[in-house]
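Visitor: Before I ask anything, let me first share the structure, which is written out below as structure tokens.
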Amino acid sequence: MLRKFHLHYTLFALFWMALIFWFSDQPKLFYLPDSLLDTLFKKSAHAFAYGVLWFLWWRATGHRTWMALAITVLYAMSDEYHQTFVPGRHGQLFDVGVDTFGALLAIAITRSPWGKRVSSAFWGDQDIRGD
């Protein structure tokens, strides 16, 4: 089955990637006074950002689940590498894992009965099984 790429979702995904890049390029991000809350907030933000990125690539690629995941994880890896060049930042393999977890969580949500209902109602998707 030939599935088409959707330009508008591709543009959204590229914009989202640029936004992630911008945040990663900041030498110093804000922090919460409690180190545990700060860590939880930042790791949750990582997971959320990459969950959204996976979703946008999933839509852009015509619901190609694994292609969207590959793009997302490769971008997470390149983003962490990029951070090694930013003063005050450190690329961490653990963050790639958190980013991947966010994408996997997005996959689980879209495949859940609730996610299928929302997708069908909001975007008119009839078949969102992916590959």
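The values are calculated or read from the model by the stated rules, or taken from the named source; none is laboratory data. Predicted model only: the values in this text are computed from it and were never measured. Neighbour counts are summed over all protein chains in view; Cβ atoms, including those assigned to glycine, are modelled from backbone coordinates with ideal geometry.
Visitor: Going by the conditions given, is residue 104 aliphatic (A, V, I, L, M) and either assigned to a loop (DSSP other than H, G, I, E, B) or in contact with an Asp or Glu (Cβ under 9 Å, 6 or more places away or on another chain) (or both)?
Guide: So residue 104 fails the test.
Visitor: Now a separate question. Could you please give the count of residues in the range 97-117 that are at pLDDT 95 or above and among the hydroxyl-bearing types (Ser, Thr, Tyr)?
Guide: Of the residues in the range 97-117, 1 are at pLDDT 95 or above and among the hydroxyl-bearing types (Ser, Thr, Tyr).
Visitor: Within the range 44-62, can one find any residue that is part of a helix (DSSP H, G or I), exposed (fewer than 14 other Cβ atoms within 10 Å of the Cβ) and among the β-branched types (Val, Ile, Thr)?
Guide: No, the range 44-62 contains no residue that is part of a helix (DSSP H, G or I), exposed (fewer than 14 other Cβ atoms within 10 Å of the Cβ) and among the β-branched types (Val, Ile, Thr).
Visitor: From the list 19, 36, which one is in a helix (DSSP H, G or I) and at pLDDT below 95?
Guide: Matching residue, one of 19, 36: 36.
Visitor: Please work out if residue 36 is over 13 Å from the mean Cα position of the chain (by Cα) and either without any contact (Cβ under 8 Å) to a residue 12 or more places away in the chain or farther than 25 Å from residue 87 by Cβ (or both).
Guide: Taking the combined requirement at face value, the residue satisfies it.
Visitor: Just to be sure I understand, how many residues within the range 63-80 are crowded, with 21+ Cβ neighbours inside 10 Å and not in a helix (DSSP H, G or I)?
Guide: 0
Visitor: So how many residues does the range 81-101 have that are touching a residue at least 24 places away in the same chain (Cβ under 8 Å) and part of a helix (DSSP H, G or I)?
Guide: 7
Visitor: Write out, first by first residue and then by second, each pair whose Cβ atoms fall under 9 Å of each other, whose residues are 6+ apart or on separate chains, and whose first residue, in the range 57-76, is farther than 25 Å from residue 23 by Cβ while the second is aromatic (Phe, Trp, Tyr).
Guide: Matching pairs, first to second residue: 62/5; 64/57; 64/58; 65/54; 65/58.
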